Amino acid sequence: MNIDTIINALHAVREQKPLVVNITNYVVMNNTANALLAIGASPIMAHSREEMAEMMSFSGALVINIGTLDSLWIPRMMVAVEQANNHNKVVVLDPVGCGASKLRTQTSRQIADAANKLIIRGNASEIIALAGEQGTSKGVDSTDSSEAAVGAAQYLAKTYQCNVVVSGETDFIITADRQIKLNNGHVMMPYVTGMGCTLSALTGAFAAVGEETGLAAAAVLGVAGEIAAEQSKGPGSLQLNLLDALYLLDEETLIQRLKMS
Amino acid sequence: MNIDTIINALHAVREQKPLVVNITNYVVMNNTANALLAIGASPIMAHSREEMAEMMSFSGALVINIGTLDSLWIPRMMVAVEQANNHNKVVVLDPVGCGASKLRTQTSRQIADAANKLIIRGNASEIIALAGEQGTSKGVDSTDSSEAAVGAAQYLAKTYQCNVVVSGETDFIITADRQIKLNNGHVMMPYVTGMGCTLSALTGAFAAVGEETGLAAAAVLGVAGEIAAEQSKGPGSLQLNLLDALYLLDEETLIQRLKMS
Amino acid sequence: MNIDTIINALHAVREQKPLVVNITNYVVMNNTANALLAIGASPIMAHSREEMAEMMSFSGALVINIGTLDSLWIPRMMVAVEQANNHNKVVVLDPVGCGASKLRTQTSRQIADAANKLIIRGNASEIIALAGEQGTSKGVDSTDSSEAAVGAAQYLAKTYQCNVVVSGETDFIITADRQIKLNNGHVMMPYVTGMGCTLSALTGAFAAVGEETGLAAAAVLGVAGEIAAEQSKGPGSLQLNLLDALYLLDEETLIQRLKMS
């Protein structure tokens, strides 16, 4: 898990153009589909129970994002996780708003419990809330720093035998035995809706080619995001420039800009 | 209710970063979330009945937009209004397409009836249709000028004890005892979908910090929209430049450009 | 069906500003609404059964796109098709992912069967899958070239007495007795989600003013897309520039760039 992991994964996504099934929220469906296309993957935005067995049979990963959760979509998500398990595919869980309502906390845990191969990607507050009492702290709003969620992430990694990405000003990649910090990104990024959702979608693309830690996605989005932000006068431009930057990102630039420790 | 109202409200949104719950249509969810972020607020796009009590307990306002209405979403909207009432929060109603179908007219009236603290934001045809026979005129399409809807808006303000924003080439802010005209904006704005929806979302952000007339939102969007349109060769650019303009808008520019009477 | 067909149809859309009802997928609702506005039409994104009779009574065409299909939306689509038939309006069917799941293949056929006046717009794989055994080949992924789907399109045109647009690097317009090829567009276009969906939406706009072959829409999108792509460094820019290009497209440029045979 080093810089070669990232470079090789980016190369593999562009070569293999993996299909990624996304059950995500209404707000970001367009952005995340476009981000997957821009990096070279092939998004499938589908949620029907009737077709999920077929969809997972020929796709490389499943991304579940609970951003606009309701009681109709929960059973669809559970069927999708079951089919991902049946086909031995990674599930990326984005527990949007975990802690802000019981529904979100419970559903996040239900999905995390059900998935056999799991990556969790959340902001600090979501990761802390998902970990519950066992986390190092509790909270529902995004004022928690990602550092504050490292203990919670380690707890989740152990409990669910999964990898965890805590995104924020600093991103943490937490596996059973490793912890990596990334310091890319830009202060303008939180002014665009769905940046975290985009990271989760990209995590699915890289998982589909075998990079199952979330590291490559966080590195690529962090670097592309800071390139895009430097070219943007506001968040409208940033949303657009990010897709261009993902599309244009080359290995040299990625290596040069990467702040990993 | 003058220029200081607007300036203070803008300052307050950027300071307080109020949470605004939006039950809105699928078409504009991304745009309105981004507009709220760009102006400094914090959007929550949630609609589940199970979590609405929690969401309204820590949020500052509720925006209900019926743009892609169906029978599943109506009860969700009604639960949200009930919870907004329970927590003494303003409800902003955007009666999209009111008059174009009985379902939309009836649902708009049902929501307006239910909300304790209400702001209605619509185009002329919607406002006239919502007022029904008691309005000064009737109509369903957007060819009505906003002037033609002033009587209907006054009727609504009285009937529902609410404030009303009629948006169009001229925007009218109608309260129980005042009427303010705004002449900002740009002819290219109707070529971008969801400009009215964005105005309703921003109205929610300002209501959450105590500006409950809709004036600040209409002023800010009108000025930011005309700045953005001047920089745009078409509606694609405008959609992007608007978010940048909202993000960059400073008090001096706002005061200088404002056409209020 | 020649260049005058296209020019006259573009003129008519901008003159008449036809209302087009869209029951489409969550991913592209914003894009397709904006593309319809940019070309001069007026989008209605509505799906409720309760209002479909009213909506179709004053609209010019219906676009049905199954991109994020589920069991709740199928009956809504069928009611909409029934109402389009009642009002003698064209139905444009976009069978997104037809062949990727039984649900999509069956639903596509059910809609094609039900519509009295029909245009089908799909990529090669979707058209081949929709035609089933009777097509010249079979397939579910988008690696089929549009040439390979011409036989399937002719079969569909005959079976459903409809017109068919097969979009791809080359677009084919297939009617009962004609076949037209268009070679506009740009290799960057598939990196933006929903380009095909946008073509289907525009097909609805042109059908609403009497151009019921899909030719004008394919020509306009192909030319506007290549203009936009030439100005874009990546797919983010392209999505935006496309809307500007549709808005700005003039007859001279269209004639000059058109590669029709």
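We did not get these values from a lab; they are worked out from the coordinates using the rules stated. From a predicted model like this one, the values you see are computed outputs, not experimental measurements. Quick reminder, even Gly has a Cβ in these numbers, built from the backbone with ideal geometry, and neighbours come from all protein chains shown.
Values as computed for the structure displayed
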{"item": "Whether chain B is rounded, prolate or oblate, judged on the alpha carbon gyration tensor where a/c under 1.5 counts as rounded", "result": "rounded"}
{"item": "Mean residue ellipticity (222 nm) of chain C, computed from DSSP H runs ≥ 4 via -39,500 (n - 2.57), nearest 500", "result": "-15500 deg cm²/dmol"}
{"item": "Calculated label separations, A:Asn85, copies of the chain, 7 Å along the beta-carbon direction, nm", "result": "4.3, 4.3"}
{"item": "Exam field: C:Ala53 pseudo-label spacings to other copies (7 Å along Cα-Cβ), nanometres", "result": "4.0, 4.0"}
{"item": "Dimensionless Rg ratio for the protein assembly as shown, taking C-alpha atoms and the 2.2 N^0.38 Å reference", "result": "0.90"}
{"item": "Pairs of lysines in chain B (C-alpha under 19 Å apart; 8 or more residues apart or interchain)", "result": "7"}
{"item": "Under 17 Å from the C:Gln16 label point (7 Å along Cα→beta-carbon), backbone N, the range C:174-212", "result": "C:201-212"}
{"item": "Mean separation of Cα contacts under 8 Å, 6 or more apart, over the residue count of the range B:15-153: relative contact order %", "result": "19 percent"}
{"item": "Per-peptide average of other Cβ atoms within 10 Å, ordering C:35-41, A:53-59, A:78-84 highest first", "result": "C:35-41, A:78-84, A:53-59"}
{"item": "Relative contact order, percent, the range A:1-73 [alpha-carbon distance under 8 Å, six or more residues apart]", "result": "41 percent"}
{"item": "For the range B:13-83: rounded, prolate or oblate by the Cα gyration tensor [a/c cutoff 1.5]", "result": "oblate"}
{"item": "Set of the range B:55-86 residues, backbone N closer than 12 Å to the point 7 Å along the Cα-Cβ line of B:Asn116", "result": "B:82-86"}
{"item": "Segment B:Lys158-B:Arg257, length gained on full extension (0.36 nm per residue, minus Cα span)", "result": "32.5 nm"}
{"item": "Rough spin-label spacing in nm, given labels placed 7 Å along Cα→Cβ, for B:His87 and A:Asn88", "result": "4.7 nm"}
{"item": "For C:Thr253, inter-copy label distances in nm, listed shortest first [label point 7 Å out on the Cα-Cβ vector]", "result": "2.7, 2.7"}
